[in-house]
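S.K.: First the structure, which I've put down as C-alpha cells, then a few questions once you've had a look.
The values are calculated or read from the model by the stated rules, or taken from the named source; none is laboratory data. Bear in mind the structure is a predicted one, so any value in this text is a computation, not a measurement. Methodologically, a virtual Cβ is constructed for each residue, glycine included, from the backbone with ideal geometry; neighbour enumeration extends over all protein chains shown. Heads up: the accessible areas ignore ligands, DNA and RNA and are worked out on the full protein's heavy atoms, side chains in. Shrake-Rupley method; radii C 1.70, N 1.55, O 1.52, S 1.80 Å.
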Amino acid sequence: MTQNPLRLFLLAVAFACSVSLLPAQEGQASPRERLLFDFGWKFHLGDAPDAGDKFYYPEVADLSKTRLDQIGQEGDADDPITTNSGSDVSFIQPGFDDSDWRTLDLPHDWVVELPFDSRAGAQHGYKPIGTNFVTNSIAWYRRQFDLSESDRGKTLWLEFDGVYRNSLVWLNGHCLGRHLSGYSSFRYDISKYANYGGKNELVVRVDASRFEGWFYEGAGIYRHVWLVKTAPLAIAPDGLFVWSQFKKNIPKGRAEIHVQVKLLNWQANAVNAILKNEILSPDGEEVTTMRQKIELPAGSEKQLDAMTRISSPDLWSPESPNLYKLVTTVETNGKVVDQKEMAFGIRTIAFDSTNGFFLNGQRYQIQGTCNHQDHAGVGVGIPDDLQDFRVTKLKEMGCNAIRTSHNPPTPELLDACDRLGLLVMDENRRMDTNNYEMNELKNFILRDRNHPSIFIWSLGNEEAYLQGSRGTNAITTPPVAQAAGKAVITPMQNLVHELDPTRLCTVAMNGGWGYGFSTVIDVQGFNYRTYLIDGFREKFPNKLAIGTETASTRTTRGIYADDKTNCFQNAYGTNGTERAEQWWPYYASHPFTSGGFVWTGFDYRGEPTPYKWPAISSQFGLMDTCGFPKDIYYYYQSWWTSNTVLHLLPHWNWSDKIGQDIDVRVFSNCKQVELFLNSESLGKQTMPTNWFLDWNVKYAPGTLSARGYDGDGTILAETHMDTTGDPGAVELEPDRTLVDANGESLSVVSVSIRDLIGRVVPTATNLVHFAIQGPGKIIGVGNGDPGCHEPDKYLSPSDWQRSAFNGCAQVIVQSTKIPGEIVLTANADGLQPATAYIQSQSCTPRPSVP
C-alpha cells in the first residue's frame, strides 16, 4: 500500500467514552459529583396561559437544509439571560403550584403519547405537532431539588444531553439561557442562582413547533439530565482529550499515549497543583502514571499536555472492543480536588484511495446501517438498556458500523458502541458558518471526540442547495452552488481538524459529486446512484471514498405481496431506490469505496414511503420498529458474517392458494441449497456470491424445507417452514430475565402468537392484553406494523394492550428501585395466556438527585 499523504490517512487514536467518579487516594474523596437528574419531574402539555409571545424566537425559514439565501443568518431576539426572559410568567415563579401536573421520569418523549391524526404531517408520522397544532407543541417541565450548604463555593453545572427543541431554562426564577437545537448537548453554570441549604426550583420550557428534520423527531427532555458538582479548581467540561500514535503508523510495538487536560481555576487566588494521569489496562491493572506540577493564576484556564507509552497494547475493534481507563486527578495542598475516570480504546484508522478503509493496519470493509433514534413504544426517549438492545441486534446481523442519521446521537449510544463494539460515523445536524452553528459544531466535536467507536465525522447530509441539484447525473452542479458549498464546508472542516486532528471528515452527498464539497472534503460520501460511481472514479482516481447511504429497499415484515390498502411492501425486496443486490456486490468488489451504510437498520417513525395515510412509519429497515428481523436481514447476515446462514421465505400458510405458484427465496451463504416440499426434492442450486436463490413452487400445505451444502456436498444447515394450526396460545420471551432495581434497567419482551404445538402463526393479529405485578412497569408496546394506529403508551396501568402483527408484538418492561420478582402476564381472547418472570436484583444505582 502506497503511503502517500495525499492518498493515505493513518493515525492511531485513543478515545474516552464515559465519565464517573473514582475513590480518591488515601481515603480522600474528590468533591466532584455527577448526579443523574432524571427522576420525579412534573410535566404540563401546553403553554403557560400568560406566556403570550414572550418567548418568540426568529429563526431561518428552513431548519432542515441550508438554503443559499440563508447562509450566515442568525436569530436576533433579545438575550434571554440579560432580559431575564419570562420572569413574570406564572409557571416560572418559585412556589408555583404544580401539584396537578403529571409526574414522570426522563427520558421523556411526549409526541409518542399523542394520537395519530390524518391532518398532521406525514413526514413526522402523522402526530399532531407543529405550527398547526400549537397546544401539542409546547410543554413545560418542573423539578424541585435540595442543595446542601456544603455545596456553597463549588461550581455547579446543569447538563442536558438533549432536549427537542428550542428550550428555555430557569432556576429559582432566573433565566439560565436558551438552546435551540434538538440534538446537541448543552450545560449551564447554576452556581450563581442556586439556593444553598434549601429548596431549588428548576423549570424548562420546550417548544417543538418547528422541525429540524423530515422524519419523526419527538419532543421533550428526551435524553438524560445531570447535575455536576466540582471544586472551583477542576477539569473543565469536555476538557479531556486522549489519542495515541504508533511509530511509523504501524499498530505494533509501543503506542504513544497523548493526554490533553484543560483545567479551570475559578478561585480568587493562584494555586499550585499536581496533575496525575494514570492508565489502567482492560483488566484493571495499572500500566503507567504521568505527573505534572502546575501553577494556575487566579481566574484562569490552562491546557496541559502529557505523553507516555504502552507496550503491545490490546487494540480496540468491533470484534475485540478492548477498553483502557484513564484516571485524571488534580491535587493541591496534599488534597484531591478533582478526579475523572474515562474509558478509552487504542486503534489505528486509515483511508486509502485504492483499498478504502483500514482498521488496525488491516483493510476493513464497512458493513454499516444508517439509523434514526426512535424505537417502538418509547419514541426518541430511549433508556440506556434499549441502546444496548439495538446495538446487539445490529451486530447479530453482521453490521459493524452505524451512521447517526442525521444528527449527533445521545452520548449513551456512543458508550454502547464503544463497549459492545460498533464503528460510528458521527453526523452533524446543520451546515452553516454563522457563530451559532460553528459553536454547535465545536461543542459536538469536543463532546464526542474521545469515543473509540467514532472513525469519521459527517458534516452534513444531502444539502441540495449547496451540493447542487440531485438530478439524474450526480456529477453535475451549478457554479453558484459549487462556490457556496465550498465556502461553507471549508471552515467547518478546518474547525474539526483543529479540534480533532485524528479523524477525517465526509459529507453524505446525493448530488454534485466532483464539485463544491467534493473539492474540499477529506472523504467523498456516496448516497445511492451506485451506477455513477465508476464515472466519478475515472475522473477522481485519488479521492478517498465511502458509501454514506445505500440501498433504501422497502419491505414489510411477513408480507409477500404489495398491498396499497394496508400500506405494505413485499418482503422480497423489489421496491426502493436501490436493492440490496444492486449495491452490495458492487461495494464488496470495489475496495476503494470502503463499504457503506444501508438505509436503514431499523424502521423509523415518519417518512412513510411510498404510501401516505394510513401509513405512519418508514419501511426501509432491515428490522421493523421493534427490532424484529425482516427477511432481508438474512441477506446481509449471509454475506456479512462467517456464520452459516440458511433462511427460507415466505411463510407456508396459504390456504387460499392451493395449487398456485409461490415465489420461494433462500438467503444463504452455503455453496449449494436444495429445496424440498413435503420431503420431495425440488432441485439443488449453486449459490452465487453476494446473491440469493429463487424457486417457483406450487403451493401445497405441509412443510417447505431447505438444506444447505458445502462445496463437497457436506450438509451444513437445514431449515423448514410449516403450515401451522390456528392461533392457540400467547408466548412471552424476555431478552433478559435479570434486571437491576435502579429505576432504569429494562427487559425487552417479545410476544408471539403460537399454535397449540408451539409454532408461531405468521398471519396472526390477535389483540393481547398485558398486566404487571411486582416492582416493575410497562413503558411501551409495539408490533412493527407500519400502518398500526394503536397507542404505544397508556397512562393507566390497566390499559396496556397491543395487537400482534404477523404473529409478533413487543412490550418493554422497566424496573423500579425496589428489588423483587416482576411478573408480566399476557392474555388474548380464546388463547392460552402466558407469564414471564423477571427478577429485579438489588444493586447500587447511579448517584442521582433526590
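S.K.: Using R₀ = 56 Å, calculate the FRET efficiency as 1/(1 + (r/R₀)^6) where r is the Cβ-Cβ separation of Ile715 and Lys262; round to 0.05. Write out the running numbers ahead of the final one.
M.R.: Working: r = 61 Å, r/R0 = 1.09.
The formula returns an efficiency of 0.35 here.
S.K.: While we're looking at this one, here's another question. For the chain, take the convex hull of the Cα atoms, compute a quarter of its surface area, and give me that in nm², please. Could you put the intermediate results ahead of the total?
M.R.: Numbers: hull surface 145.5 nm².
Taking a quarter of the hull surface, the average projection is 36.4 nm².
S.K.: Further, regarding this structure: In Å², and per residue, what accessible area does the chain have when probed at 1.4 Å with the other protein chains present?
M.R.: On the way: 31210 Å² over 850 residues.
So the chain comes to 37 Å² accessible per residue, rounded to a whole number.
S.K.: Computed FRET efficiency, Cβ-Cβ of Ser798 and Glu731, R0 22 Å: what is it to the nearest 0.05?
M.R.: On the way: r = 23 Å, r/R0 = 1.02.
After rounding to 0.05, the efficiency reads 0.45.
S.K.: Rounded to the nearest 10 Å², what accessible area does Phe186 show when all protein chains are kept and the probe is 1.4 Å?
M.R.: Rounded to the nearest 10, that gives 20 Å².
S.K.: With every protein chain in place, what's the accessible area of Glu113 (1.4 Å probe, Å², nearest 10)?
M.R.: My reading of the accessible area for Glu113 is about 50 Å².
S.K.: Quickly rank 318-325, 624-631 as a protection proxy: mean count of other C-beta atoms within 10 Å, highest first. Don't jump to the answer; show the numbers that get you there.
M.R.: Numbers: 318-325: 18.2, 624-631: 24.8.
The densest-packed peptide leads the list: 624-631, 318-325.
S.K.: Another question, if that's okay. Once amide H atoms are built 1.01 Å from N in the peptide plane, which residues 5 or more positions from Ser803, or in another chain, come under 5 Å H to H?
M.R.: Val768
S.K.: Which angle between 0 and 90 degrees, to the nearest 10, do you get for helix 580-589 versus the longest principal axis of the chain when only C-alpha atoms count?
M.R.: Around 70 degrees separate the two axes.
S.K.: Once the Cα atoms of helix 479-499 and of the chain are each reduced to a long axis, what angle between those two axes, in degrees from 0 to 90 to the nearest 10, is obtained?
M.R.: It is inclined by approximately 60 degrees.
S.K.: Something else about it: Return the lysines within reach of Lys543: Cα separation strictly under 17 angstrom, same-chain partners fewer than 8 residues apart disregarded; answer none if there are no such residues.
M.R.: The qualifying lysines are Lys486.
S.K.: Radius of gyration and Dmax for region 481-566's Cα atoms, expressed in Å?
M.R.: Rg, Dmax (Cα atoms, Å): 17.3, 53.
S.K.: Looking at the square roots a ≥ b ≥ c of the eigenvalues of the Cα gyration tensor of region 511-626, which shape do they give, rounded for a/c under 1.5, prolate if a/b is larger than b/c, or oblate? Please report the intermediate quantities before stating the final value.
M.R.: Details: a/c = 2.78, a/b = 2.21, b/c = 1.26.
Because a/c hits 1.5 or more and a/b exceeds b/c, region 511-626 counts as prolate.
S.K.: Further, regarding this structure: Efficiency by 1/(1 + (r/R0)^6): what FRET value for Ser312 and Arg119, r their Cβ-Cβ distance, R0 = 60 Å, to the nearest 0.05? Mind dumping the intermediate values first?
M.R.: Working: r = 63 Å, r/R0 = 1.06.
So, using R0 = 60 Å, E works out to roughly 0.40.
S.K.: Another one. Binned at 10 Å from 0, what are the whole-percent values of the Cα-Cα distance distribution for region 619-714, short to long?
M.R.: Per 10 Å bin, starting at 0, the Cα pair percentages come out as 15, 44, 31, 9, 0.
S.K.: Ok, one more. Starting with the highest mean, order 591-604, 686-699, 152-165 by the number of other Cβ atoms within 10 Å, averaged over the residues of each peptide.
M.R.: On the way: 591-604: 25.4, 686-699: 15.1, 152-165: 20.6.
Result, highest mean first: 591-604, 152-165, 686-699.
S.K.: Right, another one. Find how many whole Å separate the alpha carbon centroid of region 547-604 from the alpha carbon centroid of region 687-764.
M.R.: 21
S.K.: Separation between the Thr82 and Thr103 pseudo-spin-labels, each 7 Å from Cα along Cα→Cβ, expressed in nm?
M.R.: 4.2
S.K.: How big is the dipole moment of the chain about its Cα centre under a simple scheme where the beta carbon of each Lys and Arg is +1, that of each Asp and Glu is -1, and everything else is neutral? Debye, nearest 20, please. Don't skip to the end; give the middle numbers.
M.R.: Working: 76 positive and 99 negative charges, 366 e Å.
It comes to approximately 1760 debye.
S.K.: Moving to a separate point now. Remind me, what semi-axes does region 54-94 give for its equivalent ellipsoid, largest first in whole Å, using sqrt of 5 times each Cα gyration tensor eigenvalue? Mind dumping the intermediate values first?
M.R.: On the way: eigenvalues 175, 23, 8 Å².
Value: 30, 11, 6 Å, ordered largest first.
S.K.: Then there is this: Which value, in debye to the nearest 20, describes the size of the charge dipole of region 58-186 about its Cα centre when Lys and Arg Cβ atoms bear +1, Asp and Glu Cβ atoms bear -1, and nothing else is charged? Before the final figure, lay out each step's value.
M.R.: Details: 11 positive and 20 negative charges, 63 e Å.
Using Cβ point charges on Lys, Arg, Asp and Glu, region 58-186 gives about 300 debye.
S.K.: Let me ask you something else. Can you give me the orientation-averaged projected area of the convex hull built on the Cα atoms of region 349-447, in nm²?
M.R.: Details: hull surface 31.2 nm².
Across all orientations, region 349-447 yields a mean hull projection of 7.8 nm².
S.K.: Cut-off under 24 Å on the C-alpha distance; same-chain residues fewer than 8 positions from Lys777 excluded. Which lysines are left, in chain and number order?
M.R.: Lys42, Lys393, Lys793, Lys817
S.K.: Let me ask something else about it. Taking the Cβ of Leu795 as the centre, find all other residues whose Cβ is under 10 Å away and add up their charges (Lys, Arg: +1; Asp, Glu: -1). Walk me through the intermediate numbers first.
M.R.: Values: positive: Arg102, Lys793; negative: Glu113, Asp799.
Here the charged neighbours net out to 0.
S.K.: Please report the equivalent ellipsoid semi-axes of region 208-322, computed as sqrt(5 x eigenvalue) of the Cα gyration tensor, largest first, in whole Å.
M.R.: Each semi-axis is √(5λ); the values are 32, 28, 13 Å.
S.K.: When the chain is fully extended, how far beyond the present Cα-Cα distance does Thr392 get from Glu74, taking 0.36 nm per residue of separation?
M.R.: 110.4 nm
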